[in-house]
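Okay, structure first, notes after.
The values are calculated or read from the model by the stated rules, or taken from the named source; none is laboratory data. Just so it is clear, the structure is predicted and the values come from calculations on it, not from any experiment. Backbone-built Cβ (ideal geometry, glycine too); neighbour counts: all protein chains shown. When the accessible area is computed, the model is the full protein with side chains, heavy atoms only, and any ligands, DNA or RNA have been set aside. Shrake-Rupley method; radii C 1.70, N 1.55, O 1.52, S 1.80 Å.
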Amino acid sequence: MIRHRPYGSGHPYAESEDQRVPTMPMAGQSVELRVRASANVTSVVCDWVAVGDPAVELPLRRPVAEEETATADGGHLAAAQAKAARAASGSWSVVTPPLEAGRRYTYRFRGGGRTTTWFQVTAAEWGDEGGRLSVEGRDRVVPGSVRWLADADEVRRGRFELALEPGAHVVGFGERFDAVDQRGRSLDAVVFEQYKSQGAHGRTYLPMPFALVVNGSRSWGFHVDTTRRTWYEIGDSIVVEAEGADLTLRVHEGSPAEVLDAFLGTVGRPTELPDWVFRLWASGNEWNTQERVMTEMDRHREHDIPVGALVIEAWSDETTFTAFRGAQYEPSEEPHTLADYRFPADGPWPDPKGMVDELHERDIKVLLWQIPLQKMRPHPQHQAAVDARQILDKCVREADGRPYRNRGWWFPLALMPDLSSQEVRDWWTAKRRYLVEEVGIDGFKTDGGEHAWGHDLRYADGRRGDEGNGLFPVHYARAFGDLLRQAGKAPVTFSRAGFAGAQPHGAFWAGDEDSTWEAFRSSIRAGITASACGIVYWGWDLAGFSGELPSAELYLRAAGTSAFMPIMQYHSEFNHHRRPLRDRTPWNIAEQTGDSRVIPVFRRFAHLRERLVGYLADEARKTVAGGAPLMRGLFFDHPADQAIWGHPLQYKLGDALLVVPVTEPGADKVEAYLPEGEWVDVWTGLALDGGQTVTLPAPLDRPPVLCTAERWPDLSPVFSP
């Protein structure tokens, strides 16, 4: 076996052992050609042809293997990622002569009695002609800056520069973990599953080719109206690079809220969700039986910690993700109904509907976890085998027509339903309809929408991978939202991945993260930037979900801040049921840390959250109607105030509340900047003038929050019941 994939796995940030490097060479640049060969292959030769010249034999060499030193941190996702990252044996490579612009080259490989097909490559170079850039709105493109990258076949990319005023700040590009203001940074916009440390890597699940340029009363914004990958260099100007030969740039003028509203008018406006989404959400990946779920909900009741939504991740058989684990039933090509299942009394889920009914009686809504893949390892059996056969003509495809097999580290080689097709969306969700209409499920955690890798995939709507991959998570959330609507329920989906166009589809959380102070800070940035792009219902796994448990201090600081975010949720990663448990429940944190403050302080926050629901629902309604984001950076209300940029983690929650997160350990007070206006400390009632920096007390049970004086008479009962 000799394998060469010119574009590798399609991983946007890493090279594979069987690809061409670079995939798109520039004129004058050599190319490293890599192949993987089976163990019995002892030599590999490349036949390299510059068209018009005789073939040249280029012998490949095998690199010296390096000793593996990486270890996983214990969680199941970390272990899966580490396994996928291990170097595979059998890699060979050779470096070609430099390529000339406009010339075509072909190559193939021979070895071990095998010969590959011929591959083609040409060199690209930047020029002034070849593509088209259309600008809608005020033309801020720097004259003479438009360039096009073309090879012998077509224009591959465009590049242009946007003038940027001194002192302007640039916010957006979707959910960003590294900074609120991106000035002085380089970044791209491509959907990617970065398992933890998203800020350090500069990657995101939820990118968007949109940004606000905040410059006092002269604020504006831009949207590169494309679903393909884009890149940005933000310094004295904004240099934009985008895939494609026909680009549209939309420029919007006005206040930050007006600019955002114009953007949403193009990509889709948020949909209002019911009030219950503003109550506490509870989740743990090891809650894998009905008994365990009810035990945890009983603990909430015993400790008087109100909970409004329960996310059950480990409910299914882990093969179909349509049937409860332990259910007995006959395979069918038609969607099952609840009557088709038998639930043994001694099984993990003896009465799912009875459980959901009881939770509803306790005023707790229930969401179930989903993944948009058909697992193929181990070999599908029973109903999974039926589903695997059915999906073969309904899945995303490779360029040669073969079914696309997931190239990522999570659920490797799984098939992916082509959710760009309404027919496939209906087929996929029909298998889950009984969960909503009969069991009574209230929503779905639509996890894992980042599995589409490869520029040349084929979608049913006619798009290739380079323009369709980013839309996959949007179609995914849309499919489950539509299922819920059809059953007469609100479209409550809970996603981590998306792109421009995701705004109308449910709620979002910030993805996988460790329990560290840095992750806390990164997640606040993510919330501020996601909201700046129109995401209304956003949250994170408070205090992180992975690795060692957070300290009591970090847990309570995170809980106190999360009480003042659109979604307040705790969650924990699967850890093979090892002891001590890594659940992020307040009682487990209290037990493991030995800190007696955890439960009473968390209880205080949960009750406060209950009293905030009405305010949050009213403010969200204003946002959905076209107002400023629910959770928003201070630049939305005070764009001309340069002092706010020295406090980038502060944010408003609705029109009335100013939140000052405490994100460093050991603090008992915090420096806060109060913008123009009159403010009231919600805990002491102390009146404070805006336009100054103040020091606020910050006890663990009273996260620093201020209220506008105008709204204080209405909101004061929330803070002093």
Inside the stretch 305-328, can you point out the residues that are out of contact with any helix residue (DSSP H, G or I) (no Cβ under 6 Å at 6 or more places or on another chain) and either open to solvent by 40 Å² or more (accessible area, probe 1.4 Å) or not aliphatic (A, V, I, L, M) (or both)? 313, 315, 316, 317, 318, 321, 322, 325, 326, 328
Being among the charged types (D, E, K, R), touching a strand residue (DSSP E or B) at 6+ places or on another chain (Cβ under 8 Å) and without any contact (Cβ under 8 Å) to a residue 60 or more places away in the chain is the filter here; which residues of the stretch 333-376 pass it? 342
Quick one: how many residues across the stretch 105-156 are without any contact (Cβ under 8 Å) to a residue 60 or more places away in the chain, open to solvent by 70 Å² or more (accessible area, probe 1.4 Å) and not in a strand (DSSP E or B)? 8
For the stretch 569-664, which strands (runs of 3 or more DSSP E) that fit wholly inside it have 2 or more residues that are open to solvent by less than 30 Å² (accessible area, probe 1.4 Å) and in contact with a helix residue (DSSP H, G or I) (Cβ under 7 Å, 6 or more places away or on another chain)? 631-633, 651-653
Being under 31 Å from the mean Cα position of the chain (by Cα) and hydroxyl-bearing (Ser, Thr, Tyr): is that true of residue 332 here? no
Of (1) at pLDDT 95 or above; (2) within 36 Å of the chain's Cα centre (by Cα); (3) over 29 Å from residue 465 (Cβ atoms), residue 66 satisfies every one except (1)
Return a yes/no flag: does the stretch 668-675 have any residue that is modelled with pLDDT of 95 or more, open to solvent by less than 10 Å² (accessible area, probe 1.4 Å), within 20 Å of residue 181 (Cα to Cα) and out of contact with any strand residue (DSSP E or B) (no Cβ under 7 Å at 6 or more places or on another chain). yes
How many residues does the stretch 207-257 hold that are of a type in the set (S, T, N, Q) and more than 18 Å from residue 142 (Cβ to Cβ)? 5
If only one of 352, 331, 344 is open to solvent by less than 40 Å² (accessible area, probe 1.4 Å) and more than 19 Å from residue 436 (Cα to Cα), which one is it? 344
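Results for (1) under 19 Å from residue 454 (Cα atoms); (2) in contact with a His (Cβ under 8 Å, 6 or more places away or on another chain); (3) not in a loop (DSSP other than H, G, I, E, B), shown as yes or no for each residue.
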| site | (1), (2), (3) |
| --- | --- |
| 346 | no, no, no |
| 353 | no, no, yes |
| 359 | no, no, yes |
| 390 | no, no, yes |
| 400 | yes, no, no |
| 419 | yes, yes, no |
| 424 | no, no, yes |
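Results for (1) open to solvent by less than 10 Å² (accessible area, probe 1.4 Å); (2) under 15 Å from residue 616 (Cβ atoms), shown as yes or no for each residue.
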{"site": "531", "(1), (2)": "yes, yes"}
{"site": "534", "(1), (2)": "yes, no"}
{"site": "542", "(1), (2)": "yes, no"}
{"site": "548", "(1), (2)": "no, no"}
{"site": "551", "(1), (2)": "no, no"}
{"site": "555", "(1), (2)": "yes, no"}
{"site": "561", "(1), (2)": "yes, yes"}
{"site": "566", "(1), (2)": "yes, yes"}
